[in-house]
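Everything on this sheet refers to the single structure shown next.
The values are calculated or read from the model by the stated rules, or taken from the named source; none is laboratory data. These numbers come from a predicted model, not from an experiment. Cβ: placed from backbone, ideal geometry, glycine included. Neighbour counts: every protein chain shown. Just the protein is used for accessible areas: all its heavy atoms, side chains included, with ligands, DNA and RNA removed. Shrake-Rupley method; radii C 1.70, N 1.55, O 1.52, S 1.80 Å.
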Amino acid sequence: MDLYMMNCELLATCSALGYLEGDVYHKEPDCLESVKDLIRYLRYEDETRDVRQQLGAAQILQNDLLPIITQYPQDKLLFDAVIRLMVNLTQPALLCFGKVPHDPSSRHCFLQVVSYLQAYKEAFACEKVFGNLSEKLYDLLQLDWEQRQEEDNLLIERILLLVRNVLHVPADPEEEKSVDDDASTHDRVLWAVHISGMDDLLKFLASAPAEQQWGLHVLEIVSLMLRDQDPEQLAAVGQARPAKEQAADVRDLELLRQRELAERKSRAFQRGSRHSRFGGSYVVQGLKSLGDRDLVFHKGLHNLKHYSHDLGKEPRRVPKRRQPAPETELHRRSALNVRLFLRDFCGDFLESCYNRLMYLVKDQLLRERGQQHDETYYLWAVAFFMAFNRSRCFRPELVSETVSVRTFHLIEQNLTAYYEAMLLDKKEATSWARRMHLALKAYRELLTTVQEMDRSPDEAVRDSSKIIKNNIFYLMEYRELFLTLFRKFDASRQPRSFLRDLVETTHLFLKMLEAFCRGRSSLVVQSKRVRRRRKQQSRAHQAAPTAQPPGPQELQELWPGLQDQLNACAQGAEPLPEDMVPFDAASETPVEEQRAQAMVRIQDSLLGGQAAAALTLLRSAREVWPEGAVFGSPQAAVEEETQLLKEILFAPLPRCLGHAGPATPEVEEEEEEEEEEEEELEAVQVSEKEFSFLDYLKRFANVSVVKAYILLLRSYRQNSAHTNHCVAKMLHRIAYDLKMEALLFQLSVFCLFDRLISDPSAAAYKELVTFAKYILGKFFALVATNKKAYVELLFWKSTATAREMTEGYSLLEEGDSSRPHRAPKWTRQEEEELRELFLKYKGVEGADIVGSILPHLQVPSRTRKQVIKQLVQLGLAESARDFRRERKGTRIVLWTEEQEMELQRLFEEFRGADAQTRLFPTPSSSSNLSGSISAFVCSPEVSPGYPQQEPPTLYILGSIMRHLTAKRSKARVVEKLLSLGLVAERKELYKKRKQKPGLPGVSEDSSPVGAAGPEEESDSEEEEEEEAAWEEGSAGGRAAEGRQEQHGESRAALEQDVQGLARCLRQGGLAGPLLWLQNCLNRAADDREEDGTAQPTPLVPLSEENENAMEDEGFQQLLRKVGARAPANEQESFWRLPAKLSPKQLRQAAASMAGEEGTAGGPEQRARALQSLQLARRKRAALAEVETPQLQQPPASPGTEPERDQLGHAWPGPKRNRAVLSDDDENPESQAVAPALPSPDPDLDPDADTDTDSDWDGEGAPAPHPRKRLRIEEEEED
């Protein structure tokens, strides 16, 4: 860009900066304002970055800005402004444009900005510039933390950013054209950094405890300094070359010499003794030309070997999206003095900075304090410095921070995240692949360091290595990582260097795992299995209505025979089975659910006519679950057991939907408006199994893995000897150890083997040549028995196909279980039968043709999909779309007058009927055993996961749905009931809250919250089970007297359980957490009573004692008893008091915890609680006097109405609905929780939550802490 084409205002501003006369720069009076104007211009530049280009073309940075900071460093304001401007001008072009532009004009602007940045980097290769920057940075770091101003911290950060920007500028190989050991622009900048002492300041910033905030900046600068260096070569600078490296160089030279001799020899054969015109013509038999004749070859015979029909053709253009990914890593050997400086810098950095800096950076990354993709610098540092430490002189203590299982986990997490992002983000797949390559390098270096630790003479280091390997090899994620990366390798997105590192890392991992397994007789590892269960309605369920459980009449007929068997067992005439166990301690099923399953098993045994087995199960279950006498009392006689078994037989027990007992489950009330399709449910099962290295190795016998290894083997000339060895070793494992050499029988692989064997320098690849000859020998041995092997060469083969190829094609057809099951073929008789059934049901209007055909087929294993497919093949239907299932409730739209009258009649009939009698058709009995069975049937605690029996009101809708003549969806029925005015609100027909355990007869009115609305319907079943113990606390006198007595007895039993648990916890040393929990309950009750509304309130234990108590099983059992809810998922961390608990229920729970002991801690704790209460009131009064002078009169009593009125004037606006109950500033022993004492009002408690959303903006209001939501007030105690 021409300087004279600059914008006039921009040109005038640049002229007002000053001028350079010789080596002296003279600034103008308006120099500072001109610099600020340039900053302002850069802020408003367009998308082409025109201002930046004009300033770069005018060389403002080289001619004006750099002389200003070198000659006027004392002018603080000017120095700060110039640094700001240079940081803006030197920022990376990718940051300016957001991404590399694709259109030509924007791309040109992008490259132009890059060229200006490279010119800036040339200007910064000056010792004087970095000297001034280092002096300024040193002066700022000399200031104590208290003396530093905000401007000083900003200047420190800008200087570090400026150094980062200069080092980040990419090199221009076309302009520099420098070879190894020559000083490039980057080397000269590094030397200027070293001479100025900036490297020492960077090491100080990395190691000083007071400068932790600059950790990521320092790590980024260090990574840019060492970006072109190889850690192993850098560690060997200045040392004598080992004999191993010298031998490798001699071998490479010998390879080049052999190739040169072979080329010279081939050229000598090409020169004939006479003119080529008289060389003759030859007919090549077996090779056809364009026609049907044999090929006529007009050149010498020495050229026939390389002949191909493709000679002279234009090569086929490869699409851009399929081209191999370019290599991005370029290693270059810098000048010797620069390498010596960098070697010493890395050594000092390892000894004094590495462990501390890596700890700080990882902490900032885990807390998400850094910017996006800052973790890549951490991964680079792990790979570089651990390799440098291993190559220089291995000292594990220098890298102890990153040699841990946590580091393995962090790198594996990032590697998996990058891999998933590469698959999802197609546009940025190349960038994600580079980040994944960086993580893979760090992972490889960690494995190499652990392997090096095994060879350490120190026993403690070897033990640490064993611990790390135990953890790595045990977890499944680390073993499956390499298989996943191989199977998803994409050459168009991931460069060849990534594949090389992946192959070498896999070789190292397998080598370590094999050695680890060899020294042990057995190795147990973790295994995760994903099970997919398909839920599909059977044909019998589609064609016929759901089978109903036996009715009362059938059960009455069945009982006499069972009674005779029970009498025979009581007299000893019939032996009792001994292998009936009702409880499995190793099962993951909860104990309460196993108790419900035991009751169902007893009923199933009775229904199956096995009275002896039912009696044995009953007695065994009584021993396992003696509480509540659900299975009878321990002293029960034979008559009582017989009566209990009879009640179990007649009781409608809740059953699992997939239970396979004789009694089928009830008809589901929820009739979905969806198509009946197959549904896959995934469940991850974690277990342990004995590890077999050979079985693990079989996972690599995959065509995707073999393709990746062959792709790397194609460049065997460019590969190192170690890389070729890794490839040969894996292919040898597959072909020889696993006997799967047929996977390599592919034509392109054989062409590669031919090129390898005929290579002039084949002696240098002895291992590869030997393996190639072994594979070819195996193939030609197979050809003698299988003539189709030549055709098989054209295709890549799976393991099953390779097995067919070697062992015979008829193997799998004879019933091999490794192949998926195939449907039986249709015979002619079955096709005729299908045709007749189709014609029979085709004319039935509104009928499901396929559903009607399925029950009448002779072969019962036919599925709906198979029948539809066969109908299409027979030409009876055009496609499978002709047999789509119609959605339920969509065929009938309008309601006729008769249907409306029928709906009204059914509603009146089922609303007035005794729904309880229909729901539980059990014989009346007043015995205690009958009450236990009824309580068990209706208890939601004993049957989690089972469909619960519902209150009678819910069965109104279910009964109407079952008896309607014209079937409709539930939504349509509810809408019609509302339109007819039969119900006032929709929530009257929604599902009610589950009943309290042991109270099957309590009506819906006894619930303290009334009918449950749609919001309550969405609550989880676990929450309803945990709340059921206290939800009947405020039932009142609306229920019958008998039910009220039963309710009181059950509530008293629950209170006794809570008191017993609290007593045991106090004896176990948890008196403090109990006091804290009581106070939380009372405060939540007060908040809900005052607000009139409630939200789930989390219980936040901030003291260590309370946190430990929340993890105690006994304390968690007490929380469930009082109605608290455990965290529902991984997004929740705390237990919660559900919103459905009323204030009265919360106070009853707190009072039950206190029991007869009052303050639950003896006289000492009672005195401390009273003292803390008085201190809290005194603090509150003092705070009220400071904040609201009008509140001078002391309150009459704590928690009275005048106090609430005054506080209501002081703090207008509602309280927070969701209060956080915390023990941040209060001792658990200082909580006043005695039921005998009046609980203080939460508004008078200085530690209670205040209204952070109110409109009060007083000047004395304390500023909220940025991290906490509680207001913490610190005052000196008298």
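How many nm is it between the label spots at E836 and R905, if each spot is 7 Å from the Cα in line with the beta carbon?
4.2
How far, in nm, would the chain grow between V686 and V405 when pulled straight, counting 0.36 nm per residue and subtracting the alpha carbon separation? Each step should come with its number before you reach the end.
Working: separation 281, 0.36 × 281 = 101.16 nm, distance 2.02 nm.
Length difference between fully extended and current span is 99.1 nm.
Scan around T1097 for amide H atoms under 5 Å from its own, H built in the peptide plane at 1.01 Å from N, and keep only partners 5 or more places away or cross-chain.
L1137
Measure off 7 Å from each Cα along the Cα-to-Cβ vector at H722 and Y307, then give the distance between these two points in nanometres to one decimal.
About 4.7 nm separates the two model spin labels.
From the protein chains alone at 1.4 Å, what is the descending order of accessible area for K299, K778, largest first?
Values: K299 125, K778 85 Å².
Accessible-area ranking of K299, K778, largest first: K299, K778.
Could you pull out every residue, at least 5 positions away or on a different chain, whose amide H is within less than 5 Å of the one on F297? Hs are placed 1.01 Å off N in the peptide plane, and Pro or chain starts have none.
Y282, V283, V284
Can you list the GluC sites (Glu not before Pro) in the stretch 1-93 that are in a DSSP coil and have 11 or fewer other beta carbons within 10 angstrom?
Values: sites: E9, E21, E33, E45, E47; in loops: E45, E47.
Here the GluC sites (Glu not before Pro) that fit, given the DSSP loop and packing criteria, are E47.
Highest mean first, how do 245-255, 562-572 rank when packing is the count of other Cβ atoms within 10 Å averaged over residues?
Values: 245-255: 11.9, 562-572: 15.3.
Highest-to-lowest ranking by the protection proxy: 562-572, 245-255.
Please give the contour-minus-distance gain from V983 to A847: 0.36 nm per residue of separation, less the Cα-Cα distance, rounded to one decimal in nm.
45.5 nm
To one decimal place, what Kirkwood hydrodynamic radius in Å is obtained for the stretch 61-167 from all pairs of distinct Cα atoms?
Radius from the Kirkwood sum: 15.1 Å.
Multiply the residue separation of E9 and K1144 by 0.36 nm, subtract the distance between their alpha-carbon atoms, and state the gained length in nm to one decimal.
Residue separation times 0.36 nm, minus the Cα-Cα distance, leaves 400.9 nm.
For the stretch 354-477, take N as its residue count and report Rg(C-alpha) divided by 2.2 N^0.38 Å.
1.10
Tell me, what is the per residue accessible area of the stretch 144-229 in Å², probe radius 1.4 Å?
I get 43 Å² per residue for this part.
Just report the Cα centroid separation between the stretch 707-726 and the stretch 98-116, whole Å.
Taking the Cα centre of the stretch 98-116 as reference, the centre of the stretch 707-726 is 37 Å away.
Using a Förster distance of 60 Å, how high is the FRET efficiency between Q635 and K426, based on the Cβ-Cβ distance and rounded to 0.05? Each step should come with its number before you reach the end.
Details: r = 74 Å, r/R0 = 1.23.
Approximately 0.25, to the nearest 0.05.
Hey, what do the phi angles of the stretch 330-344 turn into as Karplus ³J(HN,Hα) couplings, whole Hz, using 6.51/-1.76/1.60 and θ = phi - 60°, x for Gly and Pro?
10, 9, 9, 8, 6, 4, 4, 5, 5, 5, 5, 5, 5, 5, 5
Between S527 and residues 5 or more places away or on another chain, which pairs have amide H atoms under 5 Å apart, with H built 1.01 Å from N, and which residues are they?
Here the answer is S687, E688, K689, since their amide H atoms fall under 5 Å of that of S527.
Go through the stretch 486-502 residue by residue and turn each phi into a ³J(HN,Hα) via Karplus (6.51, -1.76, 1.60, θ = phi - 60°); whole Hz please, and just put x for glycine and proline.
For the stretch 486-502, the Karplus-derived couplings read 5, 5, 9, 5, 10, 5, 7, 10, 10, x, 5, 5, 5, 5, 5, 5, 5 Hz, x marking Gly and Pro.
In nm, give the distance between the simple-model label positions of S1133 and S497, each being 7 Å from the Cα along the Cα-to-Cβ direction.
About 4.1 nm separates the two model spin labels.
In whole Hz, with x marking every Gly and Pro, tabulate ³J(HN,Hα) for the stretch 789-796 from phi via Karplus 6.51 cos²θ - 1.76 cosθ + 1.60, θ = phi - 60°.
Residue by residue, the stretch 789-796 yields 5, 5, 5, 5, 5, 7, 10, 6 Hz.
Express the relative contact order of the stretch 730-790 as a whole percentage, based on alpha carbon pairs under 8 Å and six or more residues apart in sequence.
Working: 26 pairs, mean separation 18.1, N = 61.
Relative CO of the stretch 730-790 lands at 30 percent.
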